[in-house]
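Everything on this sheet refers to the single structure shown next.
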Amino acid sequence: MSDAQLDFAALTPVNHLWPAFVERLGTDKAQRAVRQALDLQGMRGHDGTLPVLFVETGGLALASTDLVREQTGLNAHGDRMVLLLSSRDQVIQLLQQA
């Protein structure tokens, strides 16, 4: 497993990524993808990581919460947080699952 690092500084925070993701996949599949991201955090993550969900592919990764904050200004520390990322549109949205 490689420790490749994402460049979050090149991404723009937005508020429309989640609604677009739900519209494309439907509510059930979108929520299932977020649950899988949270499962990854539970299995492989720790307090200093945040699950990242790639909206084009449904792929998952873990990122450093400190790195996300440094590069974007988004405070990703907290429970049940997921970062949606669109590499095509170069945008991100931070979600907190209720």
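Just so you know, all these numbers are worked out from the coordinates, no wet-lab data involved. Values in this document were obtained by computation on a predicted structure and should not be read as measured data. All Cβ positions, even for glycine, are placed from backbone atoms using ideal geometry, and neighbour counts span all protein chains on display.
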Query raised in the report: Between residue 98 and residue 23, what is the label-to-label distance in nm when each label sits 7 Å out along the Cα-to-Cβ direction?
Result: 2.2 nm
Query raised in the report: Given the C-alpha centroids of segment 4-22 and segment 40-81, what is the distance between them in whole angstrom?
Result: 11 Å
Report summary line: Restricting to Cα pairs under 8 Å and 6 or more apart, the percent relative contact order of segment 2-98 works out to 32 percent
Query - Considering only segment 6-94, percent of DSSP beta bridges that pair antiparallel, nearest 5 - result: 65 percent
Requested in this report: Take the Cα radius of gyration of segment 6-94 and divide it by 2.2 N^0.38 Å, with N its residue count; two decimals is plenty.
Outcome: 0.99
Report task. Specify the residue with the greatest mean-square fluctuation among 28, 66, 47, computed from a Gaussian network of the chain linking alpha-carbon atoms under 10 Å apart. Result -> 28
Requested in this report: Take the chain, connect every pair of alpha-carbon atoms lying under 10 Å apart with a spring to form a Gaussian network, then pick out the residue of 76, 33, 20 with the largest mean-square fluctuation.
Outcome: 20
